Amino acid sequence: MFFKIIAKDEVPDLVRGIATEYEVIGPQAKGTAFVFAPLKDPADLRLDYDMTILPAKRYILPERETLMRFSVEDNEVVEAELDAPRRALFGLHPCDVNSLLLMDNVFLDGGDPDPYYKARRENTLIIGVSCMPAPTCFCDAWGTDETHRGFDIFLTDIGDSYYASISSVRGADLVDRFAKGRDITAEDTAAFQERSAAFKAAFEHEIDTSQLPVLLDAKYDSPIWQEFGEMCLACGACSTVCPTCYCFDVHDELDADQKHGERVRTWDSCQFKDFAGVAHGNFRDSRASRVRYRYYHKQWGYLSRYEKVLCVGCGRCTRACKADINPPRVVRALQTGVVDR
Amino acid sequence: MAPRVVVLSLASDFGCQVQITNMTDQILDVLGVIDLTYWQLATSGHLPAEYDVAIIEGAATTDEHVALLKKVRETAAAVVAIGSCANIGGVPAMAREGDLEERYATVYGGAAVAVGRIMPRPIDAVIDVDYRVPGCPIDPPEFLRVLSKVLQGLKDDTPDKTMCASCKLNETVCFFDQGQVCLGLVTRSGCAARCPSLGRPCTGCRGVAPDANLGSAREILVRYGQDPDELDRLLRIYNTSREVPV
């Protein structure tokens, strides 16, 4: 890793430079909210955004992708092209950078990585940017408020400039060519530390995650799950906006002429009733069992394999859930035994 | 032999059939794989004695509709209900609120319309339905997906879930956060949350999702400073014929 100071007014040129080689995706305003979207003009880039409605996962694992096209008559694959454009995700917060590392464990782990995910991931440049916590943020609870890898460039706001951490050859090359920059000084590093301390001090809530896996184990039959189940709309908004929810469905669709078709992969959600539907019924028929399952997967199952929880505290589900079910509230209920009202 | 298909209309504004004619990119492909023997809106002639697939738009509002549906069920191997009227009663079923005769008198005066009229109802109140394409009007891509299942003999898989997840995919700013009530909270998904993406809250034309949680939805209206009865009032547009559980 090495460091550079990039003045804020150099960022548009950096974006324009990167855009000559990558499709740049960045946070932009949409009504009263923010979204990651292809950037047409560097002036639209809102690095001061608090949170986007959807995370950037759709650019690595799209909500719908064609895995192959086939011929019905010949029962043959006719086309299996990988769609993996060169993209730059410009402006991911530490939580979102960390979320991609958690997804990597699932899709790249082991001897048989997912080729679609892998190709996109490798062609995607990651440029992170520092943030200040929104009221819904709780990344500090999981230690995902910092990131030390998983990016090419990370920009920490130190006033008029960014303290740029550069951790890849391609990142260094882009900064070299498209940002003037200057070397860091001791004052810059002090400003960086100050900013980091201010960030840590700005979290409004503290979440007591102590002994969480034990609590989950011990409270599998707790009435809190019934209560959350009564609240849950089973709409799947939580997992749709989650940067670490990766479950998908695969099915075939035929063209109108019924001669050719495509095999598509689409996002799925454990909150949908048909998710666990099998030939003889459904092993998670109730909403309560599905809400519980989501938390056990994220805070217990994944943890037991990868030593991390499958949540980065981005708070998107907190905002998306109209029924007001969210990790801080669930963790509080596990600690106290009651769902707070 | 290509499956013989008929398209029938009961009480409706024919909007769903117009949507079928609007499928200009695919309609010739579709016609290449079916034998369209009768289409009330677009062909002359009479309903043939034999056919394999019946696509039906509209609610049942007369004795004649009921008799036709029973005949169709005996004849067709597959019955496909298209649109809100056929699937959930839709707008015609608004007449269920209050006195039917009074409503007819208000609208038609003394004219001799709708002989043998009955309380409007969705077609599954009369016969079994095999496939559904909900919505007012139907969404052509969804119609094609369902038609493909009919032709391939696959089972119907109309989504049972509500709308919010597909709305998130569109990154639409939630209407509840803008002080408006949206029926997407309880309405069957599958339309890609089109109305919200175009700036209008969901009005429930696809019907209440089997997996909807109406009790929680009413509490959510309260939490967002809305009158909880507003949910049920809005559901009356399309969902009057449905027994809405508390």
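Every read-out reported here was derived from the displayed coordinates using simple, explicitly stated rules and does not represent laboratory data. It should be emphasised that the depicted structure is a prediction, and the values quoted were computed from it without experimental measurement. When we count neighbours, we look across all protein chains shown, and the Cβ atoms used for this are built from the backbone with ideal geometry, even at glycine.
Taking a straight Cα-Cα cut-off under 15 Å and skipping sequence neighbours fewer than 8 places away in the same chain, the aspartates and glutamates within cross-link reach of B:Lys155 are A:Asp252, A:Glu253, A:Asp274, B:Asp128, B:Asp130, B:Glu142. Charging the Cβ of each Asp and Glu at -1 and of each Lys and Arg at +1, and nothing else, the dipole of chain A about its Cα centre rounds to 740 debye. Sparsely packed loop sites in segment A:206-276 (the GluC sites (Glu not before Pro) outside DSSP H, G, I, E and B with at most 13 other Cβ atoms within 10 Å) comprise A:Glu206. Ignoring lysines fewer than eight residues from A:Lys219 along the same chain, the ones with Cα atoms less than 21 angstrom from its Cα are A:Lys298, A:Lys308. Among the trypsin sites (Lys or Arg not before Pro) found in segment B:169-238, those both in a DSSP coil and sparsely packed, with 16 or fewer other Cβ atoms within 10 Å of their Cβ, are B:Arg236.
Could you tell me the center-to-center distance, by alpha carbons, between segment A:312-341 and segment A:1-52 in angstrom? For segment A:312-341 versus segment A:1-52, the Cα centre distance is 31 Å. Each DSSP beta bridge with both residues in the protein assembly as shown is either parallel or antiparallel, and the antiparallel ones are about 60%.
Amide H contacts of A:Tyr162: A:Ile6, A:Ala7, A:Lys8, each under 5 Å away and 5 or more positions distant or on a separate chain (H built 1.01 Å from N in the peptide plane; Pro and chain starts excluded). Under 1.5 on a/c is rounded, so check that first for segment B:164-235, then, if it is not, pick prolate when a/b is larger than b/c and oblate when it is not; a ≥ b ≥ c are the square roots of the alpha carbon gyration tensor eigenvalues. Cα axes put segment B:164-235 in the oblate bin. Here the Karplus relation 6.51 cos²θ - 1.76 cosθ + 1.60, evaluated at θ = phi - 60°, turns the backbone of segment B:61-77 into coupling constants of 10, 9, 4, 5, 4, 4, 5, 4, 4, 5, 5, 4, 5, 5, 8, 7, 6 Hz, with x for every Gly and Pro.
Given a Förster distance of 41 angstrom, what is the FRET efficiency for B:Ala49 paired with A:Arg263, based on the Cβ-Cβ distance and rounded to 0.05? So the FRET efficiency works out to roughly 0.55. Under 5 Å between amide hydrogens, built in the peptide plane, is the criterion, and for A:Lys30 it picks out A:Val35 among residues at least 5 positions away or on other chains. Cα axis of helix B:214-223 to longest principal axis of chain B: angle in degrees, 0 to 90, nearest 10? For helix B:214-223, the angle is close to 40 degrees. For B:Lys161, the residues whose amide H sits under 5 Å from its own are B:Ser189, ignoring neighbours fewer than 5 places away on the same chain, with H placed 1.01 Å from N.
Across segment A:63-73, rounded Karplus estimates of 3J(HN,Hα) from the backbone phi angles (6.51 cos²θ - 1.76 cosθ + 1.60, θ = phi - 60°) give 5, 8, 9, 7, 7, 6, 10, 9, 9, 5, 4 Hz, Gly and Pro being marked x. The fewest-to-most ranking of B:Val66, A:Val331, A:Val72 by surrounding Cβ atoms within 10 Å reads A:Val72, B:Val66, A:Val331. Across segment A:40-70, the residues whose backbone nitrogen lies under 16 Å from the label position 7 Å along the beta-carbon direction of B:Arg145 are A:63-67. Neighbour counting of Cβ atoms within 10 Å sorts the residues B:Thr75, A:Thr266, B:Thr158, fewest neighbours leading, into A:Thr266, B:Thr75, B:Thr158.
Shape class of chain A from the Cα gyration tensor (axes a ≥ b ≥ c, square roots of the eigenvalues): oblate, since a/c reaches 1.5 or more and a/b does not exceed b/c.
Annotation note: GluC sites (Glu not before Pro) in segment B:1-92 located in DSSP loop regions with a Cβ neighbour count of at most 10 within 10 Å are B:Glu50.
Only residues of segment B:43-76 count here: report those whose backbone N is under 20 Å from the spot 7 Å along Cα→Cβ of B:Thr106, or say none. Zone members listed by number: B:61-62.
With the charge dipole of segment B:47-98 set up from +1 on Lys and Arg Cβ and -1 on Asp and Glu Cβ about the Cα centre, the Cα lying farthest toward the positive end among the listed residues B:Val53, B:Gly90, B:Ala78 is that of B:Gly90. For the protein assembly as shown, the Cβ-based charge dipole about the Cα centre amounts to some 760 debye (Lys, Arg positive; Asp, Glu negative; other atoms uncharged).
For segment B:130-209 and segment A:121-152, compute the distance between their C-alpha centroids and round to whole Å. Cα centroid of segment B:130-209 versus Cα centroid of segment A:121-152: 34 Å apart. Listed by chain and number, the lysines whose C-alpha is less than 21 Å from the C-alpha of B:Lys161, apart from same-chain residues fewer than 8 away, are A:Lys273, A:Lys322, B:Lys149.
For the protein assembly as shown, the gyration tensor built on C-alpha atoms gives a prolate shape. Its axis ratio a/c (a ≥ b ≥ c) is at least 1.5, and a/b is the larger of a/b and b/c.
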